[in-house]
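Input: a single structure, listed below in structure tokens.
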Amino acid sequence: QVKWKGKDLFDLVCRTLGLRETWFFGLQYTIKDTVAWLKMDKKVLDHDVPTEEPKTFHFLAKFYPENAEEELVQEITQHLFFLQVKKQILDEKIFCPPEASVLLASYAVQAKYGDYDPNVHKRGFLAQEELLPKRVINLYQMTPEMWEERITAWYAEHRGRARDEAEMEYLKIAQDLEMYGVNYFAIRNKKGTELLLGVDALGLHIYDPDNRLTPKISFPWNEIRNISYSDKEFTIKPLDKKIDVFKFNSSKLRVNKLILQLCIGNHDLFMRRRKADSLEVQQMKAQAREEKARKQMERQCLAREKQMREEAERTRDELERRLMQLKEEATMANEALMRSEETADLLAEKAQITEEEAKLLAQKAAEAEQEMQRIKATAIRTEEEKRLMEQKVLEAEMLALKMAEESERRAKEADQLKQDLQEARESERRAKQKLLEITSKSSYTQSMNSSTTALSTDLPSFNLISESLSFDFKDTDMKRLSMEIEKEKVEYMEKSKHLQEQLNELKTEIEALKLKERETALDILHNENSSRGNSKHNTIKKVS
């Protein structure tokens with residue numbers, strides 16, 4: 001509405017989002033290439049906003065927490081910070097080293113897709129996702145498939161983390177990056193030297209224009225006595241009067257106003273963190289703990305339900321596999337039985353043929369014997385006829401002898417075939433008996449399968465209707481929850497060491513594929529800081 005003040009519009013946005021931690025956020029707009037924030041106590045249309053329609057404001061985090069896990073209470077607050085920090089890293093407004101970029105990408109994937117499932121998340125499922133800064137992609141001779149493989153390897157390790165947990169892990173890593181939460185402004189000191197002023201949750205920092213990672217001087221909020229500006233000149237008075245007052249000039253008066261706004265807001269939050277929580281924050285934290293406990297119980301119930309169903313499915317699959325095995329055994333037994341029957345028929349046919357051949361040979365032997373007797377009875381008058389007759393008798397005797405041997409051999413062969421026929425019939429009898437045994441096992445397995453199907457049908461199903469969920473949180477429950485949270489903190493400290501080892505391992509692995517000529521100035525500065533063992537926090541302590 002025309003008469004609305006900045007607070008009216010801001011409150012409407014917060015109510016729409018269900019956001020209660022409003023002190024971190026603001027409505028941002030751009031005027032003459034300079035960023036500005038909507039003032040709460042001033043009418044919206046009285047601001048120096050652009051005249052074109054529609055008027056555009058961006059709902060963004062104006063101030064950042066020192067420790068996201070301790071300060072961000074609501075899940076919607078965590079989600080909004082996650083989205084903003086993720087965009088700043090991808091847009092390279094926050095410098096992030098390659099190995100940390102891969103780890104952050106894996107948590108972003110966990111937050112979006114849930115637990116890794118190799119049957120669902122197949123090769124190429126991240127092809128359309130923007131997960132890494134373009135600077136990191138261009139720095140290495142690696143294909144998109146190689147990047148996806150490394151992101152997926154870490155993504156698979158995050159199994160069991162809900163969306164809010166994955167987003168919080170993302171923020172916990174991002175908050176240690178040097179440029180996280182810092183607003184930079186171009187300034188000049190009294191000598192006219194160009195510098196950068198950084199304003200963040202910890203204090204004011206002075207940088208070289210070419211090095212936004214490592215400050216030259218830092219002024220923690222608790223060591224600053226007064227901040228003021230006159231026209232374009234800005235003055236920082238340290239608490240220790242022995243230290244010289246620091247003065248600098250900005251490019252525009254509007255920039256000095258913005259710097260002072262950010263200083264006041266960050267200083268207020270800095271002091272607020274070091275006091276006892278207000279009643280509102282205490283209530284929000286209590287509600288958040290209850291909500292976390294409720295979700296944890298829901299996840300446990302769902303996990304039990306899922307485990308029971310997986311066990312039932314495994315049992316069913318095992319029974320189905322056993323049934324298929326028994327069917328295969330039955331088929332093989334049937335085939336063996338058919339082969340035995342065919343063999344028995346062939347042996348019987350061959351035995352019959354052999355018997356007929358033996359009878360035929362015996363008949364021929366008898367005929368040869370008769371012929372021999374007839375020849376002997378014939379009287380041969382002449383010596384020549386007698387000699388010829390003796391020769392024929394000898395040949396007939398030899399033929400008869402051969403016929404007798406052949407008849408005896410055929411008789412033995414017939415006996416052997418009869419014996420083989422008996423063995424084949426015995427094998428047929430055993431195959432039939434085994435088939436009967438397998439048939440009885442199959443009927444038993446089918447009965448077991450039907451009972452398992454009934455079991456899986458009777459498994460308890462978990463209903464997520466909110467009216468059926470009620471929890472009674474007693475003091476003992478809250479104490480137990482507190483102990484679990486402490487335990488989680490200890491486990492996190494142990495995991496952080498493992499995490500650092502993993503980051504170093506990935507850095508070493510991809511180092512061989514790096515294109516040195518594509519390194520940016522920030523890459524080089526970050527590598528120098530890492531080699532010296534400098535981190536964001538210990539650097540600020542050194543230069544304070």
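Observations on the model:
- Filter result for the condition that a residue is aromatic (Phe, Trp, Tyr), free of Cβ contacts under 8 Å to residues at least 24 places away in the same chain and closer than 27 Å to Leu60 by Cβ, over Tyr207, Tyr180, Tyr184, Tyr170: Tyr207
- Top-ranked residue of the stretch 223-240 - restricted to ones that are among the β-branched types (Val, Ile, Thr) and within 16 Å of Lys190 (Cβ to Cβ), ranked as least open to solvent (accessible area, probe 1.4 Å): Ile236
- The sole residue among Glu310, Glu298 that is touching a residue at least 24 places away in the same chain (Cβ under 8 Å) and either loosely packed, with under 12 Cβ neighbours inside 10 Å or in a helix (DSSP H, G or I) (or both) is Glu298.
- Scan of the stretch 76-104 for residues that are aromatic (Phe, Trp, Tyr) and within 20 Å of Ala162 (Cα to Cα), ordered by number: Phe81, Phe82
- Residue count, the stretch 372-418 (criterion: β-branched (Val, Ile, Thr) and modelled with pLDDT of 85 or more): 0
- Among (1) at pLDDT below 90; (2) open to solvent by 70 Å² or more (accessible area, probe 1.4 Å); (3) assigned to a helix (DSSP H, G or I); (4) not hydroxyl-bearing (Ser, Thr, Tyr) - the single one Ile243 does not satisfy: (3)
- A Cβ distance below 8 Å, combined with a sequence gap of six or more or placement on separate chains, defines the contacts here; from the stretch 338-366, residues that are in contact (Cβ under 8 Å) with a residue 40 or more places away in the chain and of a type in the set (Lys, Arg) reach residues that are in a helix (DSSP H, G or I) and surrounded by 13 or more Cβ atoms within 10 Å (Cβ to Cβ) in the pairs Lys350/Leu417.
- Residue pairs meeting the criteria (Cβ under 8 Å; at least 6 apart or on separate chains; first surrounded by 14 or more Cβ atoms within 10 Å (Cβ to Cβ), in the stretch 519-537; second β-branched (Val, Ile, Thr) and not in a loop (DSSP other than H, G, I, E, B)): Asn529/Thr539
- For the stretch 7-55, the set of residues classified as of a type in the set (Gly, Ala, Ser) and more than 28 Å from Lys285 (Cβ to Cβ) consists of Ala36 only.
- Take the conditions (1) in a loop (DSSP other than H, G, I, E, B); (2) open to solvent by 50 Å² or more (accessible area, probe 1.4 Å); (3) not hydrophobic (A, V, I, L, M, F, W, C); Glu157 misses just one of them, which is (1).
- Count - residues of the stretch 106-153 that are at pLDDT 90 or above, hydroxyl-bearing (Ser, Thr, Tyr) and open to solvent by less than 40 Å² (accessible area, probe 1.4 Å): 3
- Boolean, Glu329 is at pLDDT below 85 and outside the structural domain of Pro220 (by the TED database): no
- Qualifying positions in the stretch 1-22 - in contact (Cβ under 8 Å) with a residue 40 or more places away in the chain and touching a helix residue (DSSP H, G or I) at 6+ places or on another chain (Cβ under 7 Å): Val2, Trp4, Gly6, Leu9, Leu17, Gly18, Leu19, Arg20, Glu21
- Within the stretch 323-352, the residues that satisfy the criterion of being of a type outside the set (S, T, N, Q) and open to solvent by less than 80 Å² (accessible area, probe 1.4 Å) are Leu323, Leu326, Glu329, Ala330, Ala333, Ala336, Leu337, Glu341, Ala344, Leu347, Ala348, Ala351.
- Flag if Ile206 is modelled with pLDDT of 90 or more, surrounded by fewer than 20 Cβ atoms within 10 Å (Cβ to Cβ) and in contact with a Ser or Thr (Cβ under 8 Å, 6 or more places away or on another chain): yes
The values are calculated or read from the model by the stated rules, or taken from the named source; none is laboratory data. Note that this is a predicted model, so its numbers are computed, not measured. Neighbour counts are summed over all protein chains in view; Cβ atoms, including those assigned to glycine, are modelled from backbone coordinates with ideal geometry. SASA here: full protein model, heavy atoms, side chains in, ligands and nucleic acids out. Shrake-Rupley method; radii C 1.70, N 1.55, O 1.52, S 1.80 Å.
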